Amino acid sequence: MQDCKPFSLKPQLAGLRSARHRQLLLLCGSRDWGVRCFLQLAQSAEQLILSDDTSWHGAIWPQHLHQILGQEFEFVLYDGYSGIVPNKLAACTGTVKAGGLLVLLLPELSALSTWCDPALARWLSEGEQAHQSPFLTRLAHHLQRQQCWLLSEQGGPKLPTTYSASCQTLNLTSQSQAVSQIVTHLQQHPDTPVLLSADRGRGKSAALGLIAAQFAGKNIVLCAQQRRAVQNGFLHFCNALELAPPEINQNQVSTLSYIPPDIVLATQPEIDILLVDEAAAIPVPILKQLLAHYPRVIFASTLVGYEGNGRGYTLRFQDYLKAQHPDYLDRHLADPIRYAHGDPLEQHMRQLLALDCQYATLSPQLDQIDYLNVDSQELIQNEALLEQVFALLVLAHYQTSVNDLRQLLDSPSNRLFVAFQNNHPVAVCLVNLEGALDRDLATQIALGARRPAGHLMAQQLSQLLGNSEFCTRRGARIARIAVAPSHQKHGIGSALIRFSMHQLADKVSYFGSSFGAQANLLDFWQNLGFKPLKLGFKQDKASGEFAVLVVHKDSQIDIRLEQSTFADQLYFALSGLYAQLPWQLVCSFLSSAPNKGLSDSQLKHLTYLKSKLANEQQIAPFIEQIIKSQPSIINSLSKIAQQYVILLLLQRHQPKELPQKLRLQSKKQVQQVYQSLLSEVYAEIISKSDPH
């Protein structure tokens with residue numbers, strides 16, 4: 001091991017400060033050598049050290065990104081020997097101030113692809129081993145090509161003698177123009193929302209504080225999941241009005257208050273203007289509720305940030321705003337504030353982590369679609385293909401983390417299938433192979449005594465009814481399906497899933513998937529032959545939806561008992577936990593639930609009720625019993641009858657609390673509805689029992 005020879009970066013750092021730029025410095029060598037180099041470089045300057053080495057004074061290895069974001073340092077060191085976790089590495093970028101360095105400590109780049117990275121285990125499931133990392137191979141390739149600064153224990157320094165870039169001062173023109181335009185819009189169109197987007201470091205949160213200051217005297221609420229996320233907005237509000245800066249836990253300054261979104265909805269306070277920061281971190285259903293109560297609102301979101309990519313959220317929410325509020329204002333902040341244009345560190349990290357990959361849209365040519373299997377080696381050898389595949393995954397998912405790039409490349413259980421149009425990807429299907437575990441472990445999983453890494457679907461299925469066969473056999477979980485917006489509604493997604501299943505048919509015993517429960521999504525999967533076996537007990541924090549687990553009906557494992565049990569559990573919970581599920585979603589669940597035959601006594605009782613003027617107390621429990629015995633009947637009822645069956649009988653909503661168009665104000669109206677339901681159910685059952 002060589003000593004860290006004395007070196008100085010004073011002229012280079014002076015050039016960075018003049019240009020208001022930041023840079024990436026690689027320290028490639030042993031850990032001890034790299035530590036000494038960094039200490040010699042940083043000395044007593046402001047510094048942040050991310051490392052799990054407990055012997056290193058002042059080092060931290062945070063479990064959550066918010067523990068380091070919101071701070072700025074001249075020198076930030078990421079100790080790669082603690083493991084290359086893309087989320088943490090990207091978060092480091094956000095803590096480097098203009099004129100500073102992000103220092104990345106790694107082994108020699110030539111050894112990176114076969115280096116035993118301690119973080120690799122994060123992307124391995126139980127029973128898997130990996131002897132190389134395609135992610136690190138790609139990382140080393142890009143680092144060797146980029147013009148980042150390098151100190152190598154073996155090869156010596158590769159540093160510029162100076163850093164030459166034009167001197168740049170802080171330019172707030174674009175931010176000021178955006179603030180002015182938004183203020184004018186809020187004044188002239190008080191019932192029309194604003195969508196404000198920006199990449200990280202563009203002054204989005206500061207703009208919210210400046211906008212709030214323009215409406216001093218109005219009751220304004222800054223809304224976000226965490227109080228620390230809006231501190232910058234508070235600071236700029238106070239600076240503009242020459243007020244004392246607030247403490248981090250201070251929730252009100254003058255007429256500006258911080259309230260979390262759930263509390264806003266629960267208390268519904270009087271608000272003149274609502275400012276929602278980091279909207280991409282808030283479930284879309286909650287955003288819609290906020291908009292319904294407070295139309296004078298700004299939704300601010302980060303497109304490319306250290307936490308991940310918010311383009312999926314933006315695309316979905318934009319579609320909703322276009323449909324419901326076509327005159328909404330859409331503004332994007334492009335110019336960086338915390339550092340100057342052309343910042344080398346931002347450019348390095350965007351390329352290394354594919355942070356700003358954008359999908360290139362094609363016009364559909366359906367006769368030119370080909371379906372192929374693509375492995376990780378092909379992805380790292382074809383950067384353009386990798387970027388387009390990852391861009392599709394970003395568009396299709398609510399919030400994509402930068403960790404997802406490493407998971408895509410490094411998980412041995414991944415299988416990627418792509419639909420190409422003239423060699424350009426238009427749809428991707430990511431499948432994860434699970435199961436094939438030994439019988440003893442599978443038994444422990446089924447009993448809930450073990451929870452090994454990975455095998456998410458196999459473990460959930462085994463724990464439904466204790467069937468360890470889901471863990472001992474090989475299964476395929478369809479983890480992601482993404483179709484370019486331009487190519488949706490053409491059957492490409494369905495065709496790609498069928499292609500993927502055909503390619504894996506001789507390798508697995510069953511296929512399944514899990515997704516946020518929506519009626520259209522559930523119908524999509526059921527049309528492909530998948531049956532729901534489980535509905536989650538908690539709503540997803542990002543989408544606000546319950547997760548549904550589906551398995552294909554042609555599995556080699558008999559799933560009929562799981563289907564029947566799920567139907568019973570669903571019926572039980574519809575009046576409680578799932579009372580607010582949309583009726584269309586409940587209808588979709590019922591349409592695929594197993595049917596049971598009606599007994600002679602049930603048919604006789606039905607005929608009796610139809611022959612007389614039966615009351616609500618006689619009709620309601622009987623129709624509920626019929627629906628549970630033959631749930632497919634729901635498909636043959638009129639839309640209004642479907643809604644009354646689900647809302648009144650299954651979810652037990654009160655007649656006067658139904659949606660406006662269905663609301664029943666009198667006992668006579670309720671009686672008429674039940675008589676009509678009885679007539680429809682009777683006609684359907686009679687038609688099935690006597691087709692002539």
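By how many nm would the segment from GLU383 to VAL183 lengthen if fully extended, with 0.36 nm per residue of separation less the alpha-carbon distance? Can you show the working numbers first?
Details: separation 200, 0.36 × 200 = 72.00 nm, distance 4.21 nm.
Length gained between GLU383 and VAL183: 67.8 nm.
Average projected area of the Cα convex hull of region 58-156, in nm²? Display every interim value, and only then the final one.
Working: hull surface 30.1 nm².
About 7.5 nm², averaged over all directions.
What does the charge count near ASP554 come to, summing +1 for each Lys or Arg and -1 for each Asp or Glu among other residues with Cβ under 13 Å from its Cβ?
Working: positive: ARG498, LYS531, LYS553, ARG560; negative: ASP558.
For residues surrounding ASP554, the net value is +3.
Would you compute, for the Cα atoms of region 600-689, the largest minus smallest coordinate along each principal axis and list the three values in descending order, in whole Å?
37, 26, 17
Which far-off residues, 5 or more places away or on another chain, put their amide H under 5 Å from the one on GLY475, with H placed in the peptide plane?
GLU434, GLY435, ALA436, SER509
Let me check I've understood the local charge: for PHE420, count other residues with C-beta under 14 angstrom from its C-beta, Lys and Arg +1, Asp and Glu -1. What total comes out? Provide the component values of the computation, followed by the final result.
Numbers: positive: none; negative: ASP367, ASP370, GLU378.
Taking every other residue near PHE420 into account, the sum is -3.
For labels at ASN219 and ILE686 in the simple 7 Å Cα→Cβ model, what's the distance in nm?
Inter-label distance under the simple model: 5.9 nm.
Between LYS668 and ASP506, what is the label-to-label distance in nm when each label sits 7 Å out along the Cα-to-Cβ direction?
7.2
Could you give each residue of region 259-265 its phi-based ³J(HN,Hα) in whole Hz, using Karplus coefficients 6.51, -1.76, 1.60 with θ = phi - 60°, and x for Gly or Pro?
Values, residue by residue: 9, x, x, 5, 6, 4, 5 Hz.
Hey, how many Å between the Cα centroid of region 196-217 and the Cα centroid of region 518-576?
42
Taking the alpha-carbon set of region 458-574, what are its Rg and Dmax in Å?
My reading of the Cα-based Rg and Dmax gives 14.5, 43 Å.
Taking loop as defined by DSSP and a crowding limit of 16 other beta carbons within 10 Å, which GluC sites (Glu not before Pro) in region 231-306 fit?
Of the GluC sites (Glu not before Pro), the ones in loops of region 231-306 whose Cβ has at most 16 other Cβ atoms within 10 Å are GLU242, GLU247, GLU270.
Can you give me the Cα centroid spacing of region 139-183 and region 615-653 in angstrom?
A separation of 64 Å, based on Cα centres.
Excluding residues fewer than 8 places away in the same chain, name every one of the lysines whose C-alpha is closer than 30 Å to that of LYS97.
LYS5, LYS10, LYS88, LYS158, LYS204
How much length would be gained if the chain were fully extended between ASP375 and LEU243, taking 0.36 nm per residue of separation minus their Cα-Cα distance, in nm to one decimal? Show your work: numbers first, answer last.
Working: separation 132, 0.36 × 132 = 47.52 nm, distance 5.74 nm.
Full extension from ASP375 to LEU243 adds 41.8 nm.
How far, in nm, would the chain grow between THR169 and GLN365 when pulled straight, counting 0.36 nm per residue and subtracting the alpha carbon separation? Don't skip to the end; give the middle numbers.
Working: separation 196, 0.36 × 196 = 70.56 nm, distance 4.90 nm.
Extra length from THR169 to GLN365 when fully extended: 65.7 nm.
Tell me, what is the Rg over Rh of the chain, with Rh the Kirkwood radius over Cα pairs? Please report the intermediate quantities before stating the final value.
On the way: Rg = 29.2 Å, Rh = 28.6 Å.
Ratio value, two decimals: 1.02.
Name all residues of region 261-289 having a backbone nitrogen under 20 Å from the label point set 7 Å from the Cα of GLN488 along its Cα→Cβ direction, giving them as ranges.
From region 261-289, the list is 280-289.
Given a Förster distance of 41 angstrom, what is the FRET efficiency for ASP262 paired with ARG450, based on the Cβ-Cβ distance and rounded to 0.05?
On the way: r = 35 Å, r/R0 = 0.85.
So, using R0 = 41 Å, E works out to roughly 0.75.
Can you list residues from other chains, or at least 5 along the same chain, whose modelled amide H is less than 5 Å from the amide H of LYS531?
VAL551, HIS552, LYS553
Whole percent per 10 Å bin, from 0 to the bin with the longest distance: what is P(r) over all C-alpha pairs of region 173-333?
Final binned percentages: 11, 45, 38, 6, 0.
Quick one: net charge around ALA446, please, counting Lys, Arg +1 and Asp, Glu -1 for every other residue with C-beta under 12 Å from its C-beta.
Residues near ALA446 contribute +1 overall.
Per-residue HN-Hα couplings for region 366-382, Karplus 6.51 cos²θ - 1.76 cosθ + 1.60 at θ = phi - 60°, whole Hz, x for Gly and Pro?
5, 7, 10, 8, 10, 10, 9, 8, 10, 9, 5, 5, 4, 5, 6, 8, 10
Can you spot the lysines whose alpha carbon is less than 17 Å from LYS612's alpha carbon? Ignore those fewer than 8 places along the same chain.
Within the straight-line limit of under 17 Å, LYS612 reaches these lysines: LYS604, LYS668.
Amide H to amide H, which residues 5 or more places from PHE515 or on other chains are under 5 Å from it, using H placed in the peptide plane?
VAL548
Given R₀ = 35 Å, FRET efficiency for ASP53-SER8 by Cβ-Cβ distance, to 0.05?
0.85
Which semi-axis lengths, in whole Å and largest first, follow from the square roots of five times the eigenvalues of the Cα gyration tensor of region 364-467? Let's see the in-between values first.
On the way: eigenvalues 223, 42, 33 Å².
The answer is 33, 14, 13 Å, longest axis first.
How high is the FRET efficiency from ALA573 to ARG122, r the C-beta distance, R0 35 Å, rounded to 0.05?
Values: r = 34 Å, r/R0 = 0.97.
For R0 = 35 Å, the calculated efficiency reads 0.55.
Taking Rh as the Kirkwood radius, which is the inverse of the mean 1/r over Cα pairs, what is the Rg/Rh value for region 147-220?
On the way: Rg = 21.1 Å, Rh = 16.2 Å.
That ratio is 1.30, to two decimals.
Which peptide among 132-144, 626-638 comes first, and what is the full order, when sorted by highest mean count of other Cβ atoms within 10 Å? Before the final figure, lay out each step's value.
Details: 132-144: 20.5, 626-638: 17.9.
In decreasing order of mean packing, 132-144, 626-638 become 132-144, 626-638.
Would you mind checking LYS322/LYS639; LYS553/LYS688; LYS489/LYS531; LYS553/LYS610 for any pair whose Cα atoms are more than 32 angstrom apart? Mind showing how you got there, number by number?
Numbers: LYS322/LYS639 27 Å; LYS553/LYS688 25 Å; LYS489/LYS531 22 Å; LYS553/LYS610 37 Å.
Listed pairs above 32 Å: LYS553/LYS610.
At 7 Å along Cα-to-Cβ for each site, give me the label-to-label distance between LYS656 and SER564 in nm.
If labels sit at LYS656 and SER564, their model points lie 4.3 nm apart.
Throughout, read-outs are computed from the coordinates displayed, never taken from laboratory work. Everything quoted here is computed from the prediction, not taken from an experiment. With ideal geometry, Cβ positions are generated from the backbone for all residues, glycine too; neighbour counts draw on all protein chains shown.
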